[in-house]
Each structure stands twice: as structure tokens, then as C-alpha cells.
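What follows draws every value from the coordinates through simple rules; no lab data is involved. Keep in mind that what you see is a predicted model, and the values were worked out from it rather than measured. Counting neighbours? That spans all protein chains shown, and the Cβs are built from the backbone with ideal geometry, glycine included.
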Amino acid sequence: MENVIKQTGKDWYFVAMKVFMTDKNGRLLILKDKFKCWDLPGGRLKYDEFEKSLEKVVMRKMKEELGAGVKYKLGQPVVFMRHERMENLADGGKEKVRIFAVGFEAKYLGGKIDLGKNHLEYKFAELKGFKPEKYFKGGWLKGVKEYIKTLKHENIKA
């Protein structure tokens with residue numbers, strides 16, 4: 001049975017920090033999660049992180065998802081995304097959730113990527129000729145397209 005939260009008036013969102021991390025060749029780091037969906041590094045704020053800076057939340061998520069050995073330089077937020085998806089519940093049901101995400105820019109400086117428990121693989125995608133619709137869906141797809149558009153606007157070849 002599908003559990004869907006019905007809202008009237010105000011809507012409820014999880015809040016997440018996502019990272020558009022590129023390497024020295026301008027390739028974008030993307031991750032495949034345990035549900036076999038492509039994703040960007042980052043994730044949701046925890047309840048006890050209300051007072052923490054968003055940058056510290058990003059640091060926690062990057063360490064969890066990419067390992068402690070990854071070095072990067074975090075930039076500014078560049079894209080804001082809204083994503084909707086079905087998630088599994090403990091009772092075996094499903095629930096539709098909505099996520100509002102702040103997409104930060106980052107430069108990968110090096111270090112071994114050691115994926116956390118929620119991801120199966122990663123790749124650095126060449127942005128020139130990149131077809132994000134082959135990898136992403138929903139709000140993540142819109143966000144990646146918007147990110148690529150900002151790169152083109154800045155005269156960076158993508």
C-alpha cells in the first residue's frame with residue numbers, strides 16, 4: 001500500500017545539501033545509490049543540525065558518502081532544487097517525500113574516494129556532451145541541467 005502525506009495549505013520538505021563537485025578536468029562527480037539511481041554527493045540535514053552552518057552539514061555528508069580521504073574546496077551555493085520521490089517505510093510501505101536542496105559548487109582536490117554504505121559506484125562525468133537525462137530524474141535532473149547552464153553562461157565549455 002502506498003502512503004502519501006496529504007497536505008493542505010503549507011507543504012513539508014526535507015532539506016538537503018548537494019554538491020556539484022568537479023575535478024581539474026571539469027568533470028562532474030556523480031554517484032549511484034543503493035536504489036540504482038544516480039545522485040550528487042550530499043544529503044539531508046539531521047534534526048540536531050539546526051544550529052550548524054550549512055558548510056558543516058556538507059562536510060559531514062561528504063565524509064559519510066566519499067570517505068575521510070577526499071579533499072575538496074567548497075564554493076558557494078549555485079543551484080536550488082526541489083525533488084520528489086517515493087521512499088520505503090519500515091513497515092514495507094512507501095511514502096512520497098519532497099526534498100528542497102541547496103546545490104553547492106566544489107572543486108575536487110584529490111584523495112581516495114571510499115563510498116559509504118548508501119552508494120554503489122561513482123564516476124566523473126565529462127560535461128562536454130553530457131546528457132543528464134540518461135542519469136537523473138525529477139528535481140535532480142532539473143538541478144543538473146541548471147548547473148550546466150550556469151557553466152555555459154560563465155563561458156566554461158560543458
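A few remarks follow.
- Residue among 123, 128, 107 that alone is surrounded by fewer than 13 Cβ atoms within 10 Å (Cβ to Cβ) and either of a type in the set (Lys, Arg) or over 16 Å from residue 62 (Cα atoms) (or both): 128
- Test set (1) under 22 Å from residue 139 (Cβ atoms); (2) crowded, with 16+ Cβ neighbours inside 10 Å - residue 72 fails condition number: (1)
- Summed over segment 34-57, residues that are touching a strand residue (DSSP E or B) at 6+ places or on another chain (Cβ under 8 Å) and surrounded by 14 or more Cβ atoms within 10 Å (Cβ to Cβ) total 10.
- Single match in 99, 148, 113 (criterion: touching a Phe, Trp or Tyr at 6+ places or on another chain (Cβ under 9 Å) and in a loop (DSSP other than H, G, I, E, B)): 113
- When residue 87 is tested against (1) without any contact (Cβ under 8 Å) to a residue 24 or more places away in the chain; (2) surrounded by 14 or more Cβ atoms within 10 Å (Cβ to Cβ), exactly one condition is not met: (2).
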